[in-house]
Amino acid sequence: MDFGKSVRFADAIGLPLTQVKMLYKEDELEETLHSALIGSTPSPTPQPGLVLNFQQPRARLDLLPHVRQQHVSLENVVVTNNDVMATILVHNISFAKSVCLRLSKDYWITHTDYQCTYSGSVSKDIDRLMVKFSVEHTFPVGARLELCVQYCVGEEQWWDSNGGVNYQIECRDMGNEVGQRKGLTERNDLLRGVAPYLNLKPPPSRGPTIEDVRALFTTLPYY
């Protein structure tokens, strides 16, 4: 007997066969979203690391003319854990010369001089020298190293002090910086997932705010 009825599956007319709806408990969702919006919690155990607080002089396009004019310039600094290696360029105006890197850990109350050794020639009139030193592992977060370079030929001397402000290396809490970058990634992933419920058109022109989250609880179904 024909009752005039027929059965069609959704995919036959271009619709998905299944529809998934995410169900949340309101208190759990609010806590998760609030944590994402305010960022990650700082690490309770500091992980000190040395970070350069200056632009590398070797990036200068006029570095060699600068060396010829000023006779000395820091070239490059590489920090690996607590080890620091630096290269210095000097105008080769005499075979007999002395070059040292001066370091202070206490804002120039005291300082230490590290003698630089010849590393090679950059050009006919410019030499490169190198120096290495280590910083104790107990160097505290927030402390700062300050560097400058002294170049002596006979009774004459020239300095590179980065225009009078010195070359600064800061000790930062690398655990917090890594954690904050990771937290920001997780925050963005989470907010992208809930953005449709916040009535933000993709791609959103702004990030969701606390007000958006509060508004979410009036539009999102709970069971």
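Conditions tested, residue by residue: (1) in a loop (DSSP other than H, G, I, E, B); (2) surrounded by fewer than 17 Cβ atoms within 10 Å (Cβ to Cβ); (3) at pLDDT below 95.
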| position | (1), (2), (3) |
| --- | --- |
| 85 | no, yes, no |
| 96 | yes, yes, yes |
| 118 | no, yes, no |
| 137 | yes, yes, yes |
| 184 | no, yes, yes |
For this session: Provide a single number: the residues in the stretch 81-127 that are hydrophobic (A, V, I, L, M, F, W, C) and either in contact (Cβ under 8 Å) with a residue 60 or more places away in the chain or more than 20 Å from residue 167 (Cα to Cα) (or both).
Result: 9
For this session: Using the structure shown, decide if residue 175 is part of a helix (DSSP H, G or I) and out of contact with any Phe, Trp or Tyr (no Cβ under 8 Å at 6 or more places or on another chain).
Result: yes
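The values are calculated or read from the model by the stated rules, or taken from the named source; none is laboratory data. Please read all numbers here as calculations on a predicted model, not as lab measurements. In this analysis, Cβ positions are derived from the backbone assuming ideal geometry, glycine residues included, and neighbour counts consider all displayed protein chains.
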